[in-house]
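Working notes, structure below.
The values are calculated or read from the model by the stated rules, or taken from the named source; none is laboratory data. Model, not experiment: these values are computed from the prediction. We place every Cβ from the backbone using ideal geometry, glycine too, and count neighbours over all the protein chains shown. The protein model used for the area step is the full one, side chains on, heavy atoms only, and it has no ligands, DNA or RNA in it. Shrake-Rupley method; radii C 1.70, N 1.55, O 1.52, S 1.80 Å.
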Amino acid sequence: MTTTKDMADAGTRMSPRPLIELGVSFWSAKALLTAVEIGLFTELARGPASERELSERLDLHPRAARDFLDALVALDVLDRTDDVYRNTPAAAAYLDEGKDTYLGGWMRQASRHLFRAWGGLTESLRSGKPFIGWDSADYFQRLYEDEEERQRFIAAMDAMTNHIAGELAAGLDWSGYGTVVDVGGARGNLIGHLAQAHPHLRGTVFDLPELDRLFAEHMAKLGTGDRIAFVSGDFFADPLPEADVLIFGHILHDWDDEQRRRLIAHAYPFVRPGGCVVIYDRMIDDERREKAVSLLGCLNLLLVTPGGSEYTVGECRAYARDAGFARTSTMPLFDGLETAVIGWKE
């Protein structure tokens, strides 16, 4: 039987603070997401401002403004000198909409959709189904039919691929490859940046027809429209464009294990001999002990897809090996948050 003295002794050996802070960590997350959603960091990119000035520009109530801004100071995303606030270096680099390194598109999606979905985790853990009834295919179809929502989603994805494209461009030897296909590549942000880094590359984006116009606009902006084409279709059923390199970025985790295997097997014949397939996602470490964000990502996908989840690096290697790729290698991306598995075809 545990006595009061036992509890007191245990209390001297460990603090409850980490558990308490973990239990309310969603407070911190929502404060940051809301700051992105209202454009706080972009506003401060124009110059430091006082509480009164920010309240007027962002329509913050006097009761809330000071506590909100000072909480962000305590979270190390704002600095404050007297009553004047400014972005920290990290916030200035990644949360200012005027910069190519902006990550706020993804955070806006998290604030608008995912935060709400996580309120249904208990129900989804018991049902094994998405909390809000999303079907993966139907969700994307609905998303692409709504112009405003489509733009928001693509901006969120571009926030990630802006960073990943540079790492893939530098981390993979492209000198022996001339063609690349981005399967499910949306408006072509990843492949456009690859083409900018390697002018000899020619590429294709394979995605739903609703994205064709946005693709053309984005390629014109990047100056790569003469080297990159758009092909529409269903990547489960239709032939893929043939190329030296096929990329599946943030695609496999939307589907269950059998579907992931089927996608990579389907892709194999369209990779030219000597080429490779590149698969990147927020993969889990093989021991399933270390990458908390990836494991929590499995729960996120439980909430919004019928069968999606993150998967281990070893499982991804097996998808490539079983499809026929002779060997595999891995590449860490995005400061270790993401992993690329590369399957090489003889």
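Residues in segment 91-114 that are open to solvent by 30 Å² or more (accessible area, probe 1.4 Å) and among the acidic types (Asp, Glu) were compared, and the one that is nearest to His163 (Cα to Cα) is Asp100. Annotation: of all residues in segment 275-303 being without any contact (Cβ under 8 Å) to a residue 12 or more places away in the chain and in a helix (DSSP H, G or I), the one that is surrounded by the most Cβ atoms within 10 Å (Cβ to Cβ) is Leu296. No other residue among Asp238, Asp322 is without any contact (Cβ under 8 Å) to a residue 12 or more places away in the chain and either open to solvent by 30 Å² or more (accessible area, probe 1.4 Å) or touching an Asp or Glu at 6+ places or on another chain (Cβ under 6 Å) (or both) apart from Asp238. Of note, Asp207 satisfies the criterion of being within 22 Å of the chain's Cα centre (by Cα) and farther than 14 Å from Phe270 by Cβ. Scanning segment 172-220 for residues that are open to solvent by 10 Å² or more (accessible area, probe 1.4 Å), in a helix (DSSP H, G or I) and small (Gly, Ala, Ser) returns Ala197, Ala216, Ala220.
The residue of segment 45-90 that is surrounded by the most Cβ atoms within 10 Å (Cβ to Cβ), among those that are in contact with a Lys or Arg (Cβ under 6 Å, 6 or more places away or on another chain) and closer than 24 Å to Ser25 by Cβ, is Asp79.
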